[in-house]
1. Please pick out the residue among Asp318, Asp229, Asp242 that is modelled with pLDDT of 85 or more and over 14 Å from Tyr215 (Cα atoms).
2. Just one of the numbered conditions (1) modelled with pLDDT under 95; (2) more than 23 Å from the chain's Cα centre (by Cα) is not true of Asn140; which one?
3. Yes or no: Gly314 assigned to a helix (DSSP H, G or I), buried (at least 19 other Cβ atoms within 10 Å of the Cβ) and on the phi < 0 side of the Ramachandran plot?
4. Of the residues that sit in the range 331-367 and are assigned to a loop (DSSP other than H, G, I, E, B), in contact (Cβ under 8 Å) with a residue 24 or more places away in the chain and out of contact with any helix residue (DSSP H, G or I) (no Cβ under 7 Å at 6 or more places or on another chain), which one is farthest from Leu297 (Cα to Cα)?
5. For a quick check of your reading of the model, give me the residue pairs whose first member lies in the range 167-195 and is over 16 Å from Ser144 (Cα atoms), whose second is of a type in the set (Lys, Arg) and modelled with pLDDT of 85 or more, with beta-carbon atoms closer than 8 Å and at least 6 apart or on different chains.
6. Quick one: Ser26 ticks every box in (1) in a loop (DSSP other than H, G, I, E, B); (2) surrounded by fewer than 17 Cβ atoms within 10 Å (Cβ to Cβ) except a single one, so which number is it?
7. Would you confirm whether or not the range 284-301 contains a residue that is more than 16 Å from the chain's Cα centre (by Cα) and either surrounded by fewer than 22 Cβ atoms within 10 Å (Cβ to Cβ) or touching a residue at least 24 places away in the same chain (Cβ under 8 Å) (or both)?
Amino acid sequence: MAAPLQVSLSTFKKGAFIMIEGKQDSDVFFLIKNGHILISKEFKVEGEQDTNLEPGDFFGLISCMSGHPREESAQAMAETTLIEVKSNQFGALIQNNAQIAMKIIRSFSARLRYLDKRMTEVTGKEPVEDDPAQLFPIGNFYNSVKQYNQALYAYIRYVQYFPDGDSVTDAKNKIQTLSPLAKDAMNPNNASGLTKTFKDNTVIFCEHEIGNELYILQQGQVKITKIIDNTEKTIAILKPGDIFGEMAILDNKPRSATAIAFGDINVMAVNNENFQAMVTSQPQLATKLITILSERLWTGFRQLQTNLLKDPIGKLLDALLLEVEKERIKIGKVPYTFEFGPKELAGMVGLSPNEGKIAFSELLKNKKFKVLEGGKKIQCLDLEVLQKEVHIAKNKEMREAARAKKER
């Protein structure tokens, strides 16, 4: 039997603030029953606009589910009635209303795409090549290092996607050669339905492959890898309860990494067709997925804010504050030691080694900051000072931007 949903109704007069950016009162999110809400941010990123919400829309979910401070403010633009839902009631809400979960996921998908695009623009990095044709060179890489399961998987997928591709003849020849050498490359014991079994060293999905499922690891371990500079890098080792491949259910884009069974494993495979059944039968899993996406969105918006700052010292300070916020450290007159040095900090915000060295030398003029262990760690002696310095830097840039806009 579904758990009873416990919510409350609140009415706000025109002009009243429901949420204030930066506040820690984030254990509740809101659904609009009637009225209108304006969503705004004090520290907007370039191109970001205030948003008007109407009945049926929701807000406050990212901070509520991630446990971080509010990332935006909400003000009633007319007398407005809101349905207030506490974070511990989210599972009951979506169990009774699976369509709300899908609406949330589609909204998060759009926001994540926006973040990816903006971060690519801001950092000047080349966009990730979402091209399934890359499966053929990936197969070549794995073949060269004698990882035949992975190579055969990539070649087979390439032929499936590109039956008339430029390299299809070469791929078919390699499939014929590798088939006796690879074991369970396409995992023939894969069961249908929600639960699937993969044998050790079986590819679950390959980077650049088009995806339509996310996975919840139930038993065993999964290795997440990516080929960078012609080397396979291990990004993570996942444990039971972890969710992976979630972006596929959001936007059906090619995979950004490869997932390989690290021992025999059981997973729950969720796609758009069975997502509603999963929400109804196991709302805690959908809750975990949306919590993961909320954390990713909150962190992504904060990273974008940091990278858009023009002052190099402001960038460094805000990157430090973001690390504190990510760890949910309570801000106070307390010290905190960061497990990285000035060089790594500069890299986080896109500064060259020389730019980072100059900016950090200026930062160290504030005696509340120190370098420890020969440059391996950074210490802030007072987190309140760090937070204050970040606000000063952001407010200065806001004033300069407003003045420049006025002068145009």
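The values are calculated or read from the model by the stated rules, or taken from the named source; none is laboratory data. From a predicted model like this one, the values you see are computed outputs, not experimental measurements. Quick reminder, even Gly has a Cβ in these numbers, built from the backbone with ideal geometry, and neighbours come from all protein chains shown.
1. That would be Asp318, the only listed residue that is modelled with pLDDT of 85 or more and over 14 Å from Tyr215 (Cα atoms).
2. Every condition holds for Asn140 apart from (1).
3. Answer is yes for this residue.
4. So the first thing to find is which residues in the range 331-367 are assigned to a loop (DSSP other than H, G, I, E, B), and the list is 331-335, 339-341, 349-352, 364-367.
With in contact (Cβ under 8 Å) with a residue 24 or more places away in the chain added as a condition, the list becomes 331-335, 339-341, 349-351.
After this cut, where a residue has to be out of contact with any helix residue (DSSP H, G or I) (no Cβ under 7 Å at 6 or more places or on another chain) as well, the list is 335, 339-340.
Details: Pro335: 28, Glu339: 23, Phe340: 24 Å.
My answer is Pro335.
5. Lys183/Lys199; Asp184/Lys199; Asn187/Lys199; Asn189/Lys199; Asn190/Lys196
6. (2)
7. Yes, because at least one residue in the range 284-301 is more than 16 Å from the chain's Cα centre (by Cα) and either surrounded by fewer than 22 Cβ atoms within 10 Å (Cβ to Cβ) or touching a residue at least 24 places away in the same chain (Cβ under 8 Å) (or both).
Yes/no per residue for (1) in the same structural domain as Arg255 (by TED's automatic domain parsing); (2) of a type in the set (A, V, I, L, M, F, W, C); (3) more than 34 Å from the chain's Cα centre (by Cα):
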residue: Val145; (1), (2), (3): yes, yes, no
residue: Asn149; (1), (2), (3): yes, no, no
residue: Phe162; (1), (2), (3): yes, yes, no
residue: Asp170; (1), (2), (3): yes, no, yes
